[in-house]
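Contents: one structure, followed by commentary.
The values are calculated or read from the model by the stated rules, or taken from the named source; none is laboratory data. This structure is a prediction, so every number in the text was calculated from the model and none was measured. Note that we place each Cβ from the backbone using ideal geometry, even for glycine, and neighbour counts take in every protein chain shown.
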Amino acid sequence: MSHGRPASARGKSDRRQGGIPSGRDKASLRALSARRNDREASGELILKWRPSLRYHYLLLPAMLCMGSPAFAHAFLQSASPRVGSESATPPAAVTLTFTEDVEPEFSTIKVRNMQGVRVDRAGPHLVGNHRNELAVNVSKLPPGEYAVTWHATSVDTHKTEGRFEFAVAR
């Protein structure tokens, strides 16, 4: 498809319409095609690598070799008082246990009564040597319902948050 002009004078739009790419003539394209057909007929595996997919085949095995801490988030595992529970005696502290170790300096636990007044004292602290347990002391809680809002930052800096309620019986 020369369209009356030499190949070097044709633009990109001509190439999309079936023009021959510059630097190759019809004979060399036929030779390449014949060699490809010979390889396929002999059973030789021909892999076509697209630049955008070249490294994706290496990425999956690398990801499978990584340990789980690379994907860790500190999700709430349990709480004391229990989520949604009603206790006869008021707790002295609210303790949260997470699935991963947490950084107390970058985590918060806020306890509020139903009027929205905070009843927690000071910031959260680790419970003993357990790096996955945070606690916050609370003032003497009268009977009523309380809301706990928490934000946890795991040791690998992933952040999670949540909210739950508990009650002290009348």
Problem set entry | Criterion violated by Trp150 - all others in (1) surrounded by fewer than 17 Cβ atoms within 10 Å (Cβ to Cβ); (2) within 16 Å of Ser78 (Cα to Cα); (3) under 22 Å from the mean Cα position of the chain (by Cα) satisfied | (1)
For this session: Of the numbered conditions (1) in contact with a Ser or Thr (Cβ under 7 Å, 6 or more places away or on another chain); (2) within 24 Å of Ser154 (Cβ to Cβ); (3) not hydrophobic (A, V, I, L, M, F, W, C), Arg121 fails exactly one; give the number of that condition.
Result: (2)
For this session: Tell me which residues, restricted to the stretch 148-170, are in a strand (DSSP E or B) and over 26 Å from Arg131 (Cβ atoms).
Result: Glu165, Ala167, Val168
Exercise. Among the residues of the stretch 123-141, is any modelled with pLDDT of 95 or more, part of a strand (DSSP E or B) and at positive phi?
Worked result: no
Exercise. Of the residues that make up the stretch 99-121, is at least one hydrophobic (A, V, I, L, M, F, W, C), assigned to a strand (DSSP E or B), free of Cβ contacts under 8 Å to residues at least 24 places away in the same chain and surrounded by fewer than 12 Cβ atoms within 10 Å (Cβ to Cβ)?
Worked result: no
Problem set entry | Selection status of Arg163, of a type in the set (D, E, K, R), surrounded by fewer than 16 Cβ atoms within 10 Å (Cβ to Cβ) and touching a Lys or Arg at 6+ places or on another chain (Cβ under 9 Å) | no
